[in-house]
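Only one structure is covered here, and it is reproduced in the block below.
The values are calculated or read from the model by the stated rules, or taken from the named source; none is laboratory data. Since the model is a prediction, treat every value here as computed from it, not as a measurement. Neighbour counts run over all protein chains shown; Cβ positions are idealised from the backbone, glycine included.
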Amino acid sequence: MSVAQAPVAKTVAQLLAAKGIVIACGPGGVGKTTTAASLAATAVVEEGGRVLVLTVDPARRLADALGLKGIGNDEVRIPDEVFARAAARPRGELWAAMLDTKQSWDDLIRTHAPDEETREQILANPLYQNISGRFVQSHDYIAMERLYEIHCEGKYDLIVVDTPPTRNALDFLDAPQRMADFFSSRLLRWLIVPYRSRLVNVASRPFYQVADRILGTQFLADISEFFILFQSMYNGFVDRAEAVTRLLSDRRTTFMVVSTLEATPVREAEFFSAELTARKLHLGAVVLNKVLPAYLREVKTDKLAQSMASRSDELADGLTDDPTVAGRVVREVAESFLNFGVVARREAEQQAELRGAPDVLVTVPFYDADIFDMEGLLRLGAQVWD
């Protein structure tokens, strides 16, 4: 007896109605942060509930788009007045947060430290204080921790996550396993062995003698103390990494790849879509921003532009006192339209190649002005939603 599969979503609205976490990924500079924020805001207006948009992108654009002067690690509710200024009425609550790496690491230490003494030793360690914001891709790892923590609190009906650009987004996915691998690495064992035991291997003694002369004994001691303390949390880190991995593959988690149809971004989007499929993670949607309008591909408009180009002097007659200049303008306009038509047809072919991968493929037209407020976010959200 076969198990019935859930119906495939036909729109982003249907997709989000069935999911609890949406992770927006893609190249830089394609409107990913704005798209994530617009979907979260639109979900609040259309469906209600408590929705959180969490950005782990180092660029602080989300706060500006939401009309906030600053957001941090703690979730902040977007006031209903922000929606009112956009002539919208939210049916639920929109919350926003931006990852604070240092604060998140401190909270993580407090969670996983085996006892109060170890916790205070780690937090006071000079090396930890200096590198906790940069430690072994800590931004990516702590982002996964923060997402998992918020999810487990159960406060939100929907969490929309804005990730770093594509290649870094793979780091975002791999970070938990990389951290677990680091704790069991040969490098870590070399660093802490001489300070756990007075017996130093004959083969390794020259390494530590050179390191002492170059870095200084105290610096090596600080490193060793730091990693010895961290190893006491190994089981907690590994258990959490496994839990995060399960969350990413959960049926209520989906990924949304955001891109444009320019050559480099679309290649990166295809690369990431393939990676998600290979990892058996759910690719719910591909959102293509800045797509040229469909009328540029219509045969009748193409023929009209060709006719205008060939009859430019005739059409320009009587427009100005200088028919030569007017004819040149008409011809340039027509030829420009034809060139855009070539690009539009090329984009349509690229879209057709992408259709087999995600549940939903959405195209968003090119906007003349940047999106910088709630009105713009909701306008974009309306394009994507249905």
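Look at segment 292-309 and say how many of its residues are in contact (Cβ under 8 Å) with a residue 40 or more places away in the chain and surrounded by fewer than 20 Cβ atoms within 10 Å (Cβ to Cβ).
The qualifying residues number 5.
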* Check whether at least one residue in segment 331-343 is touching a Lys or Arg at 6+ places or on another chain (Cβ under 8 Å), among the aliphatic types (A, V, I, L, M) and at pLDDT 90 or above, and report yes or no. => no
* Asked: Scanning for something outside the structural domain of Val258 (by TED's automatic domain parsing) and closer than 30 Å to Ala9 by Cα, does segment 335-344 turn up at least one residue?
  -> yes
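Among the residues of segment 278-291, count how many are surrounded by 12 or more Cβ atoms within 10 Å (Cβ to Cβ) and either among the hydrophobic types (A, V, I, L, M, F, W, C) or more than 30 Å from Leu377 (Cβ to Cβ) (or both).
So in segment 278-291, the residues surrounded by 12 or more Cβ atoms within 10 Å (Cβ to Cβ) come out as 279, 281-291.
Next, from what is left, pick out any that are either among the hydrophobic types (A, V, I, L, M, F, W, C) or more than 30 Å from Leu377 (Cβ to Cβ) (or both): 279, 281, 283, 285-288, 291.
Adding up the residues that qualify gives 8.
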* To do: Please specify each residue of segment 341-383 satisfying the condition of being in a helix (DSSP H, G or I) and under 18 Å from Leu94 (Cα atoms).
  => Met374, Glu375, Gly376, Leu377, Leu378, Arg379, Leu380, Gly381, Ala382
* Structure fact -> Note on segment 274-294: residues closer than 21 Å to Val384 by Cα and at pLDDT 90 or above are His282, Leu283, Gly284, Ala285, Val286, Val287, Leu288, Asn289, Lys290, Val291, Leu292
* Scope segment 123-142; condition of a type outside the set (D, E, K, R) and either at pLDDT 85 or above or touching an Asp or Glu at 6+ places or on another chain (Cβ under 7 Å) (or both); matching residues -> Leu123, Ala124, Asn125, Pro126, Leu127, Gln137
